[in-house]
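These notes concern the structure reproduced below.
The values are calculated or read from the model by the stated rules, or taken from the named source; none is laboratory data. Computed from a predicted model, the values in this text were never measured in an experiment. For neighbour counting, all protein chains shown are included, and Cβ atoms are generated from backbone atoms with ideal geometry for every residue, glycine included.
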């Protein structure tokens, strides 16, 4: 983990501001992107949220179909099911 030298206070509602330079570095779009929050020992870790496959959770090589994220491997399995005799 690398220190940025940036310190922010928590306001009375529990909020912190993520500096513009960090949001730009991670291509974050205001009012659009979300974070996942993790806790590890004495650390709070924020990670840009990336939705995973509806079936297996994979986040790489996904497509969105009717609002649902599906990976290529599960898309292939669905295609095989659709062409098989139940």
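Scan the stretch 23-59 residue by residue and report those that are touching a helix residue (DSSP H, G or I) at 6+ places or on another chain (Cβ under 9 Å) and surrounded by 10 or more Cβ atoms within 10 Å (Cβ to Cβ).
If the condition is that a residue be touching a helix residue (DSSP H, G or I) at 6+ places or on another chain (Cβ under 9 Å) and surrounded by 10 or more Cβ atoms within 10 Å (Cβ to Cβ), then 28, 33, 53, 54, 55, 56, 58 are the ones that fit.
Residues to consider are 18, 45, 37; find the one that is modelled with pLDDT of 90 or more and over 15 Å from the mean Cα position of the chain (by Cα).
Selected residue: 18, the only one of 18, 45, 37 that is modelled with pLDDT of 90 or more and over 15 Å from the mean Cα position of the chain (by Cα).
Does residue 18 qualify as being without any contact (Cβ under 8 Å) to a residue 12 or more places away in the chain, within 30 Å of residue 63 (Cβ to Cβ) and either surrounded by 10 or more Cβ atoms within 10 Å (Cβ to Cβ) or in the same structural domain as residue 70 (by TED's automatic domain parsing) (or both)?
No.
Of the conditions (1) closer than 24 Å to residue 4 by Cα; (2) out of contact with any strand residue (DSSP E or B) (no Cβ under 6 Å at 6 or more places or on another chain), residue 84 clears all except one; give me its number.
Looking at each condition in turn, residue 84 falls short on (1).
Of the residues in the stretch 48-86, how many are within 30 Å of residue 20 (Cβ to Cβ) and under 13 Å from the mean Cα position of the chain (by Cα)?
9
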